[in-house]
Amino acid sequence: MDQYQVKRILKSTATHAFLLSVALTCLFPIFWMVRSALMTNETVFIDKSLIPASLQFGNFYTAWLEGNFGVYFLNSVLYTTAVVIGIVLISSLAAYSFSRLQFPGKNIFFYMFVAAMMIPLPGSFVPLYVLMNNLHLVNTRFGYILCMINVGLSLSILLLKTFFDKMPQDLENAARIDGCSKLGLWWHVALPLARPAIAVIVIFNSLNVWNEYILATLLLNDKSLMPLQRGLMVFQGAHSVDYPLLMAGLTIAAAPILLVYLFMQKHIIKGLSSGAVITLDKRTKYF
Amino acid sequence: MSAITSKIFNAAYAKDKFENFLFIVPAVLIFSIFYIYPFFDIFNLSLHEWNGIDLSREFVGLQNFQELIHDKVWWMSLWHAAFITIIALTLQNALAFALALACDREIRMKRFYMVVFFIPPVLSEVVVGLIWQWILNAGMQNGEHIGLLNYWLAKSGLPQLVHNWLSDPATALPCIAIVHSWKGFGWGFIMLLAGLRIIDRELYEAAKVDGAGSLSIFKNVTLPMMVPVIFVVVVLTILGSMQVFVLILSMVGHGLVYHTEVPVTRILVSMSETNRFGYACAQGVTFGVILVMVSVVLKQISNRMKQE
Amino acid sequence: MKRFFSLILCLLVLAGCGQVKKDPNSIVVWHWMTDRQKAFDKLALKYQEQTGIKVQFELYAPSDVYSQKVVAAAQARVLPDIFGILDKKSIMASFVQAGFVADLTEEFQKDNSVWENSIFPKALAVNRFEEGNIQKVKPGIYGVPIDVTNVQMLYNKKLLQKAGINNPPKTFNEFLEAAQALKRVGVPVLVSGWGEHWLVDCFASNYAFNIMGEEKIMATYRGEVPYTDPDWVKVLQIFAVLRDKGALAEGIVAKPNKYAEQDFALERVAFAFNGSWCVNVYHDMNPKLEYGVMLPPATDAQFPLKIWGGAGSSFMVNNTSQVKDKAVAFLKWITAKEQQVFLSEETKNLPANREALSSLPAILSEFAGAMDNTTHPKVWPINETPLVSEAFDKGIQSIIIGEKTPQDVAQEVQQVKEYGFKKAKRVTTQ
């Protein structure tokens, strides 16, 4: 083994040691959560063994039933998909325009969105509720979806604009010369190129909508419209908390988000490399 | 130049600008209804004294803002949030960047790490609060420390470091800041990684051909390319850290005297404990203006860095 | 691309069909009591069988989100038929004055006040506005209590025995002696959720009643007695003494109550200061826990120590509801003996109906036994302003962590109090 190889092995070991130690601190809570989900309320704080003696797999089933997850789960999937698609379309349109196109007042509009992200609106639930009520959007899916789109909009625009700004423009120029329309450029060139950024936005907003609870409670009345987080509330009373069922519920609730993340992850890894650009060229048929 | 000016009067040119504007219309529409309208309502409220229920709202002009200027606890809470933010900016982002750089290279188990690092952001605050209150617990039972940290310190021969972590003003806020950074680094990680992945690989190759070392590549290729993304991550970190509160509530309740107060908990106190909606809105508006000013300064800095 | 937009269209159509028409023969109740939803549902079913009226209990938790919803719905004039107000008396007064809450006095006093007499007077008092109240609300009863609660001290029998203590301490000095004995065997003494203001406030208030009596407390709130008065310093001194004698569990000042409850349920601490809902909590976490209930041990002062107690949760009737009479009838039914016994058994809470008391589990009867010693901020003629309360509670926390002396805190609280008066004067003269 020459010196170069030793150095490389050492370096890679150090890297992995670093990554693994951070990874451990992240894995511990999820292990703890799943472990707690498999215990009973009596043993959950007493049993110190790493793997508890009796595993209550039934907790997941009970949590699913008691939390009425069936309906809530579907609702959450619906809200998350609708909001995320809405945000990706609306914010990428806006960000594309902010990044590539010219129109008067462009900067004012852009900074307005950025500023909005910064200014928290305490008590805005009062005017918002009154407004939604006047629009007959209280207790409707549509109203809730619109509100949630608004919540994620500013941040997504800022993020996407940053990425659009950085992306090479050659491909767009080529497409424009080929007679592609602006909308076509956005859909066929800019969006596929910005895949890593869009993946980030999808993850960010999915998590946001999936975990959102306050706005849903405020705007929705019917149980049949409530999202998943409503089901989790059943296990945390004002005073008493059923920890194993809560943990089981939280585990169930966390799983789909990790799935979305797993699915989006490859778009982040791929980035601009690995021929994304070439396949794009072959696929593109302008309208 | 004259070609451009003549174009302004060109109908096609105007249509083109209008088309460009149409791209942002959906965003602006939603935004106006759900943000701008409540914003003006909130701003209007900040000029009133109102308990949230009364039919009448008493107009007090700028009195709420005047009072806020002299509210010592409020400014202290801002400092606390700034402290958490500074820890997050350095600790959390340095960690996130280091991890992203490591995962940007061709290493084994990359997918595994990427999933694992994203676990803390996905976890519910309930779990995070529970786990950390267990780790930092200062109690004893049957002569042994209940808290994992104290237990571990005592066992590893450092009993002098055993501490009342969450009820000592000197350590409560740093503990909160560290837990917050731990919960948030996953976001910085994936955003920075996405940014790194978008850098043209040919640039690296070219630098290598020119004989640049890895440190020099990082300084001269990676860092300049990453400035905009770093800017976004920094802004988001500031935003997330300045507005942290659920974590604080779940770790120390209403707080340790005033040592763990942050602006959002102060706003919540104004809204639900002292029932002063007008004052809460004044706090919110002031807080927002401060954040906007900070981000403007940051933008200037990042612009300058880009030029260099 | 077409596929994409058709997908969105489908979603929009799906989203559109969310609205449900309201049934005129049904009552909608908004509540926050997660642990009681099941019992409420059962009662609603029973009520529907008996009367044909459908009662929908809609749960919105946690309680702070629930409160926001009620505030927002009030502003939009879409409150449900029955709801609860989880706020201070002054906010309840605002609800009444804005015309959101129905005056139930007449209903309570019908037929020689049968309904009024069936309910614990202390629980009703929380929902009552007396003649000449400072909020200037029309005197009367505006809410229906469905359970009662009080906050006391609990002791772990096994841990006390371990320290050689056979009877729970009766006086403050005995308590301090017990604390020494417990410390000797390495058992932490007292835990409570003093990371939450109201529990600190409650404990201090108990001793304020003990040391100076109600009259002087109210005089302080009116501004006639300063907080620097020796009696108030004595109240603050209690915390300094508890700290110095090592009678407070580590980290008590930053503990949310649910963690404090964990500590007591898992037998880590000998005493707890907690409300009667804890029976349910402790039962869930450790059914084998052997514990008793006691009043906080009084100092040898001349006034009786009073604990906080009264209505646990109350329901209000929407004044503009189209089914107001039906809503009132339902609330009468739910506070009748049979339903109260059912609720108290299912949810381990103290019933609001006095006749339902006979069939309680032992530990709950112990709690109920102290109802005569209770008082509550909501029945006082005047309350301290929230700003002063906050300064007071935070001051106590800083005494416990040894940052400030009782004298310092008394002075600071008095400053906040005077500042508040100055401001109030400025507002009225403007």
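For trypsin sites (Lys or Arg not before Pro), the sites in the stretch C:50-81 that DSSP calls loop and that have at most 14 other Cβ atoms within 10 Å are C:77. Computed over the stretch B:88-186, the range of Cα coordinates on each principal axis works out to 49, 26, 24 Å, biggest value leading. Using C-alpha pairs below 8 Å separated by at least 6 residues, the relative contact order for the stretch B:66-307 is 30 percent. Could you work out which residue, out of C:341, C:137, C:148, moves most in a Gaussian network model of chain C, that is, has the largest mean-square fluctuation with Cα springs under 10 Å? With Cα springs under 10 Å in chain C, the top fluctuation among C:341, C:137, C:148 is at C:137.
From the alpha carbon centroid of the stretch B:210-242 to that of the stretch A:117-156 is 34 Å.
Amide H to amide H, with H built 1.01 Å from N, residue C:298 comes under 5 Å of C:172, counting only residues 5 or more places away or on other chains. Counting charges near residue C:308 (Lys, Arg +1; Asp, Glu -1) among other residues having Cβ under 11 Å from its Cβ returns a value of +2. When Rg and the Kirkwood Rh are both derived from Cα coordinates, the Rg/Rh ratio for the stretch A:69-283 amounts to 1.03.
Within a straight-line Cα-Cα reach of under 17 Å, residue A:270 can be paired with the following aspartates and glutamates, leaving aside sequence neighbours fewer than 8 residues apart in one chain: A:281, B:104, B:106, B:200, B:202.
Adding -39500 (n - 2.57) for every DSSP H run of four residues or longer, then dividing by how many residues chain A holds, sets the calculated 222 nm ellipticity at -23000 deg cm²/dmol. Label-to-label distance, residue C:362 versus residue A:49, with points set 7 angstrom from Cα along the beta-carbon direction: 3.3 nm.
Candidate cross-link partners of residue C:394 among the aspartates and glutamates, defined by an alpha-carbon separation under 15 Å and a same-chain spacing of 8 or more, comprise B:168, B:261, B:273, C:196, C:201, C:384, C:403, C:408, C:412.
When the helices of chain C are scored as -39500 (n - 2.57) per DSSP H run of n ≥ 4 and the total is divided over every residue, the value at 222 nm lands at -16000 deg cm²/dmol. Across the protein assembly as shown, the convex hull enclosing all Cα atoms gives 197 Å³ per residue. Take the cross-link list A:161/B:110; C:54/C:332; C:162/C:183; C:183/C:306 and give me the ones stretching past 22 Å between alpha-carbons. Where the Cα-Cα span goes over 22 Å, the pairs concerned are A:161/B:110; C:183/C:306. Note on residue C:38: aspartates and glutamates with a C-alpha under 18 Å away, same-chain residues under 8 apart excluded, are A:66, A:222, A:242, C:49, C:58, C:147, C:284, C:338, C:345, C:346.
Just list whichever of C:234/C:378; C:69/C:378; B:72/C:122; B:72/B:183 have alpha carbons separated by over 28 Å in the model shown.
Beyond 28 Å: B:72/C:122; B:72/B:183.
A straight line joining the Cα centroids of the stretch B:121-138 and the stretch C:173-192 runs 29 Å.
If you take the Cα atoms of the stretch A:201-274, find Rg, then find the Kirkwood Rh from the mean of 1/r over all pairs, what is Rg/Rh? Before the final figure, lay out the partial values.
Values: Rg = 15.8 Å, Rh = 14.2 Å.
Using Cα coordinates only, the ratio equals 1.11.
Each of A:96, C:419 was scored by other Cβ atoms within 10 Å of its Cβ. Listed from fewest to most, they are C:419, A:96.
For the residues of A:40-47, the average number of beta carbons from a partner chain within 10 Å of their own beta carbon is 3.
Counting only C-alpha contacts under 8 Å and six or more residues apart, can you give the relative contact order of chain C as a whole percent?
Contact order relative to length: 23 percent.
When the helices of chain B are scored as -39500 (n - 2.57) per DSSP H run of n ≥ 4 and the total is divided over every residue, the value at 222 nm lands at -20500 deg cm²/dmol. The magnitude of the dipole of the protein assembly as shown, with charges of +1 and -1 set on the Cβ of Lys/Arg and Asp/Glu and taken from the Cα centre, is near 3240 debye.
Tally the DSSP beta bridges in the protein assembly as shown and give the antiparallel ones as a percent, rounded to 5. Taking every DSSP beta bridge with both residues in the protein assembly as shown, the antiparallel ones total about 70 percent. Note on residue B:300 and residue B:152: with the Förster distance fixed at 51 Å, the Cβ-Cβ geometry gives a FRET efficiency of about 0.65. Positive contributions from Lys and Arg (+1) and negative ones from Asp and Glu (-1), summed over other residues with Cβ under 14 Å from the Cβ of residue B:27, come out at +2. Counting only Cα atoms, chain C measures 70, 69, 61 Å along its principal axes, largest extent leading. When only alpha carbons of chain B are considered, Rg and Dmax amount to 24.9, 88 Å. Mean-square fluctuations from a GNM of chain B, with a 10 angstrom spring cutoff on Cα atoms, peak among B:216, B:250, B:241 at B:216.
Seen from residue C:158, the other residues with C-beta closer than 11 Å to its C-beta sum to a net charge of +1, counting Lys and Arg as +1 and Asp and Glu as -1. Springs join every pair of Cα atoms under 10 Å in this Gaussian network model of chain C, and among C:72, C:44, C:327 the largest mean-square fluctuation is at C:72.
Orientation-averaged projection of the stretch C:39-179 equals 13.9 nm² [convex hull of Cα atoms, one quarter of hull surface area].
Here the contact order of the stretch A:69-283, divided by its residue count and restricted to Cα pairs under 8 Å and six or more residues apart, works out to 32 percent. Taken along its three principal axes, the alpha carbon spread of the stretch A:1-142 comes to 62, 59, 27 Å, from the longest extent down to the shortest. Would you be so kind as to identify which of C:272, C:48, C:299 lies farthest towards the positive end of the dipole of the protein assembly as shown, taking Lys and Arg as +1 and Asp and Glu as -1 on Cβ and the Cα centre as origin? Most positive-ward Cα: C:48.
Coordinate-derived values only; no laboratory data. All figures in this text were calculated on a predicted structure; none of them were measured in a lab. Counting neighbours? That spans all protein chains shown, and the Cβs are built from the backbone with ideal geometry, glycine included.
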